[in-house]
Amino acid sequence: MKNSIRRPRGGKGGYGKKDMNERKRTNLKALFIILAAALILAFVYLALPKERSIERRVDATLVQNGSPAERRQTALTISGTYKSSLFGGDSFAGKVEIDCLPVTAGELLNVAFSAEDKGYGALTYRSGESLEFVGYMRMSKTADEVIICLFEDMGDGRKGWSADTGAVISYPDSIENISDKLY
């Protein structure tokens, strides 16, 4: 009696050449779909805003650029939420209190950090019915590095900051290349 098991056509068993090519194409399509889905999920994850809670009280250094030898210590309290996004638009909502500036004990408006302005955002406080512009702040996402350029009276009722004579509060005291990072 002959062997009753039939072998598939195509020679030595298994699939024929046509079936094998179709199977490879199906596997490649599945692999492509899985990779595309993984890329889309990674992009969505990175694009979603990240929030970090910050609670810090540090001793910062206040320096007047016109006379850098005069350095004073001041306490800096940062408490709030830092939001960062892949597409920029980082912001901080909470409190930034500078002990040597009583106005900073008031309500801080949200600080929107701008990539066009070297990552600085305006420190603006609500004082009763008016707004008080204190300066510009640059802060790392974890508040490990903070630079605040304080506004001064420029005359004619205007406030501003000057790299030559303006006051800077920095934490830590030894920020590398701070002059490149000033507003």
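Given the options Thr104, Thr165, name the one that is in a loop (DSSP other than H, G, I, E, B), assigned by TED's automatic domain parsing to the domain that holds Asn65 and among the hydroxyl-bearing types (Ser, Thr, Tyr). Break it down stepwise before answering.
Details: Thr104 fails: in a loop (DSSP other than H, G, I, E, B).
That would be Thr165, the only listed residue that is in a loop (DSSP other than H, G, I, E, B), assigned by TED's automatic domain parsing to the domain that holds Asn65 and among the hydroxyl-bearing types (Ser, Thr, Tyr).
Let me confirm something: among Gly80, Gly121, which residue is outside any loop (DSSP other than H, G, I, E, B), buried (at least 17 other Cβ atoms within 10 Å of the Cβ) and on the phi > 0 side of the Ramachandran plot? Break it down stepwise before answering.
Values: Gly121 fails: on the phi > 0 side of the Ramachandran plot.
Testing whether each residue is outside any loop (DSSP other than H, G, I, E, B), buried (at least 17 other Cβ atoms within 10 Å of the Cβ) and on the phi > 0 side of the Ramachandran plot leaves just Gly80.
Considering Glu70, Glu97, the condition of being assigned by TED's automatic domain parsing to the domain that holds Gly166 and either crowded, with 16+ Cβ neighbours inside 10 Å or in contact (Cβ under 8 Å) with a residue 40 or more places away in the chain (or both) is satisfied by Glu97 alone. Among the residues making up the range 125-149, those that are crowded, with 16+ Cβ neighbours inside 10 Å and part of a strand (DSSP E or B) are Tyr125, Glu132, Val134, Gly135, Tyr136, Met137, Arg138, Met139, Val146, Ile147, Ile148, Cys149.
For the criterion of being in a strand (DSSP E or B), farther than 30 Å from Phe43 by Cβ and modelled with pLDDT under 90, Lys95 fails.
The values are calculated or read from the model by the stated rules, or taken from the named source; none is laboratory data. These numbers come from a predicted model, not from an experiment. Virtual Cβ from ideal backbone geometry, glycine too; neighbours counted across all protein chains shown.
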